[in-house]
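Engineer: Here it is: the structure, laid out below.
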Amino acid sequence: MNIQAMMKQAQKMQKDMLAAKEEIDKMTFDGSSSFVSVVVNGKKEIISVKIDNESLDKDDIEMLQDIIVVAINEAMKKVDQETEKKMGKFTQGMPGLF
């Protein structure tokens, strides 16, 4: 394979990677724990946090904080899984790229 063909292939791969990343960035991912649910986007930005306040006592604030952390982490894991699914073909052998 000549250098020009390799460069063209690399440019196509870069374009495909950017398109896949843009697609992931536009997606939303949900996570939940007990009576808390969160939604994040593919950029790992929190879009919303919902609390079923009928299930919450005023004394449960510390527990609520822990449940929110679990729900957010679940949603973030979904972002990572989707990123690996879509970007893994581009990043084989390059850990930690995304």
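The values are calculated or read from the model by the stated rules, or taken from the named source; none is laboratory data. None of the values given here were measured: they were computed from a predicted structure. FYI the Cβ positions are ideal-geometry reconstructions off the backbone, even for glycines, and counts take in every protein chain you see. Each accessible area value is taken on the protein alone, full model and side chains, heavy atoms only, with ligands, DNA and RNA left out. Shrake-Rupley method; radii C 1.70, N 1.55, O 1.52, S 1.80 Å.
Engineer: Say whether the condition of being without any contact (Cβ under 8 Å) to a residue 12 or more places away in the chain and touching a strand residue (DSSP E or B) at 6+ places or on another chain (Cβ under 7 Å) is met by at least one residue in segment 52-68.
Structural biologist: no
Engineer: Looking at segment 73-83, is at least one residue part of a loop (DSSP other than H, G, I, E, B), open to solvent by less than 80 Å² (accessible area, probe 1.4 Å) and of a type in the set (A, V, I, L, M, F, W, C)?
Structural biologist: Among the residues of segment 73-83, not one is part of a loop (DSSP other than H, G, I, E, B), open to solvent by less than 80 Å² (accessible area, probe 1.4 Å) and of a type in the set (A, V, I, L, M, F, W, C), which makes the answer no.
Engineer: Further question on the same structure: Consider Asn53 carefully, then state whether it is open to solvent by 90 Å² or more (accessible area, probe 1.4 Å), farther than 26 Å from Lys86 by Cβ and modelled with pLDDT of 85 or more.
Structural biologist: Taking the combined requirement at face value, the residue does not satisfy it.
Engineer: Does Ile61 fit the bill of being among the hydrophobic types (A, V, I, L, M, F, W, C), open to solvent by less than 40 Å² (accessible area, probe 1.4 Å) and modelled with pLDDT under 85?
Structural biologist: In short, no.
Engineer: Now for a different question. Find all pairs meeting these conditions: Cβ atoms under 7 angstrom apart; at least six residues apart or on different chains; first residue within segment 22-47 and in contact (Cβ under 8 Å) with a residue 60 or more places away in the chain; second residue hydroxyl-bearing (Ser, Thr, Tyr) and outside any strand (DSSP E or B).
Structural biologist: Listed by first residue and then by second, the contacts come to Ile24/Thr83.
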